[in-house]
Every structure is written in C-alpha cells, then in structure tokens.
1. On full extension of the chain, what length is gained from ALA296 through ASP220, given 0.36 nm per residue of separation minus the C-alpha to C-alpha distance?
2. Alpha carbon centre of segment 84-98 versus segment 178-206: separation in Å?
3. Would you calculate the separation in nanometres between label points at VAL265 and SER27, each defined as 7 Å from the Cα along the Cα-to-beta-carbon direction?
4. Quick check: pseudo-label points 7 Å beyond the Cα along Cα→Cβ at ALA255 and ARG211, how many nm apart are they?
Amino acid sequence: MRMQVPSLVPVGSAQTRRPIGEPQENSLGGFLRTRRSRLAPAAVGLGTGGHRRRVDGLRRQEVAVLAHVSADYYSRLEQGRERHPSPRIAESLARALRLTPDARSHLFRLAGLNPNLRPDTTRGQVHPELLHILDSPHQAAAYVLSPSFDILAANAHARLLLSPFAGADAAGTDQNLLRILFTHRRARTYFTEWPVAAAGSLHTLRLNAVRLPQDTDIVDLVTGLSAGSADFARRWEDGAVIGLDHAYKKVVHPAAGHIELSYRVHGVAAVPGQHLLVGVPAPGSRSAEAFTYLAAMGGQQP
C-alpha cells in the first residue's frame, strides 16, 4: 500500500488561498486586492443603493473608474498578468485607494518604481491634438488646463505672462489658476478685472465637478480653497455654472505693463475637461507691442 505524504503547505496559507491562474509572488496584485477590500464605498463617495454587498470593500470595476483605467487593465494588475504600471497609473491607483504616504511608497516599490516619482502632470498627459495647437508658431499665450485648472502645459508666451506667480507666494503651488486667483498676493492687482476672472474660472470648475464627479483633484482643490479662502468658500456656494468657451483678460505685468488678450478655448472629446486656452492681443494694439516687448525681455522684471 502506498503511503500518503502529508502536504507541507499549512492549511489557510497564502499559497492555498491564491486564486487559480494567479502567478506566484504577485505582491503588487495582493496589495491592491487587500487595500480594495478595506476601503468602504462611502469613503470614496459611492453609494450602495440601499443594498448590502456580498463582499466588503470596493469592486474591481469601481477602483478602475476611480483610477481612470480600464476594468480589464486593473484586473490584470490584481491577477499578476500586468506588473509594471507607469508612474502616472501608480499615482492614480494610490489616489483611488486613498493610500497614506507610506502605503503609496510601498505601492510604488511593488511596481518597481521610485517612490519619489511624482505623476507626469505636464506634457505627457496632454492630448496630442492640443499639443499641436500649443506648439504652433504665433504670437499667443497658450496653455492647457486640467479639469481642476492645473496648468498641464504652456508655451513660452504663457510662461512669461504668468512669471509673476512663479514664486512661493502662490501658497507653494504656482501651477493652478484657481489657487493663483484666490491665494496669491499679487492676483487682485495683476488681473485688473479680478472679479470677472475669478467668477468665470470658479463657475467652470463647478461645471467640471458636476461632469466629472470622480475627479479627486477637483475635490481636493475645492476642499483646500474652501478652508483657506473665505472668499472662495462664499462664491462656491452660489451654485452658478458656466461653460468655458471664450474669455477676455486684462492684466498688468510688472515688466510689460497693461496687456489685454482675447482667449478662445479648445477642447478634445477624448479628454473630457481638458482645455487649451489661446490668448492673443489685437493686431497693432498697445497690448501687441507689450507682448512683443515681454518676449524680447524674456519676462525679466525691473
């Protein structure tokens, strides 16, 4: 009679619990699955419709939506069939799963990434159609905005125009137009029609918040500005929404003086909420001369 050899794998060990078809040593997938199971839907603004869930935590599809990736791609990450997400995707996953800084670092290491990497928030995530317009040679200030009004990319003229906000006066971040408008000490003198500029931007932000309810950047921005600016908090409560299609801005640049620009707004259906703003001065005007002077001076301030 053949003697049966007892299994050396303890009952209930990680090996016996590994889903069928999942590669061994799938540390990244296991970490994602564990964090997903511990995150309540209410913590990320998801309702249950009054029904009790069969399992705790978020579903895979819900994490995929929050991280702005496909459900198939996220499933492959958990199953170990995909183990090398980009820094941008890793950052999106960390935000979707509400990871602490330590947990975020751990996620990056499991993905084979440097934990100090930050998401590429500039040209890398800008739609090519917008980049083509942005790089076109013309006398215009052009920049791409995210739904939360982060400046994702800008041409030379736009960088010169916004150079007064390049320092730490913008509460440590000079890459968000709403924070510039409501927190920078120069904003209300630089934008000569500040109430119009502030209202238009804020109302568009509210419209983006309605269209993109899962955008955590918008949530974080509104939360931070509401706490740090009583003016923003009051204006946010008025409920108005305005679509962003054109704008007219008057500014006083420290190096070039008064400049008036007419802006047109371009969007791409493939990237909802992302817009390219192109501002041009009237031909032959004093603003056009100031614009040329600013470019020649390289934005140097007296």
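Read-outs throughout are calculated quantities, based only on the coordinates presented, and are distinct from any laboratory measurement. Here the structure is a predicted model, which is why all the values come from computation and not from measurement. Cβ placement follows ideal geometry from the backbone for every residue including glycine, while neighbour counts extend to all protein chains displayed.
1. Separation in residues times 0.36 nm, less the Cα-Cα distance, equals 23.5 nm.
2. Here the answer is 31 Å between Cα centres.
3. Rounded to a tenth, the inter-label distance reads 4.6 nm.
4. 3.4 nm
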